Amino acid sequence: MARLTNDASDPAGLGATDEAGGGSPGRQARQRAVPGFLDIGEVAALFGRARRTIRWWIATGRLPVVRIGRTPFVPETAISALLGTAGVSDPDGAEQ
């Protein structure tokens with residue numbers, strides 16, 4: 001079984017590479033299928049959640065999508081809006 005690893009320059013883990021040789025750590029970010037939109041896998045990686053969770057967010061209306069054929073794509077603006085509605089706390093515990 002392949003194991004995913006991260007290097008110290010990528011603390012979020014978005015550039016994880018496959019030790020089995022499938023990934024290439026120095027490669028450029030892959031080009032999106034539809035510019036301005038993320039697929040479910042990209043959204044899941046961004047939030048550190050399972051693809052199933054992202055599908056649930058879509059089904060409940062928490063995350064809007066644009067479908068091209070049967071494939072859902074999440075607009076980058078929807079990601080920004082979702083992040084903007086999340087409460088952010090400062091180190092003193094006050095919500096901003």
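The values are calculated or read from the model by the stated rules, or taken from the named source; none is laboratory data. These numbers come from a predicted model, not from an experiment. Glycine gets a Cβ as well: all are built from the backbone with ideal geometry, and neighbour counts include every protein chain shown.
Quick notes on this structure:
- Sole exception among (1) exposed (fewer than 10 other Cβ atoms within 10 Å of the Cβ); (2) modelled with pLDDT of 50 or more; (3) in a loop (DSSP other than H, G, I, E, B) for G84, by number: (3)
- As for the stretch 62-72, it holds at least one residue that is basic (K, R), at pLDDT 90 or above, in a strand (DSSP E or B) and out of contact with any Leu (no Cβ under 9 Å at 6 or more places or on another chain).
- Matching residues, the stretch 31-56, being over 13 Å from the mean Cα position of the chain (by Cα) and not in a loop (DSSP other than H, G, I, E, B): W56
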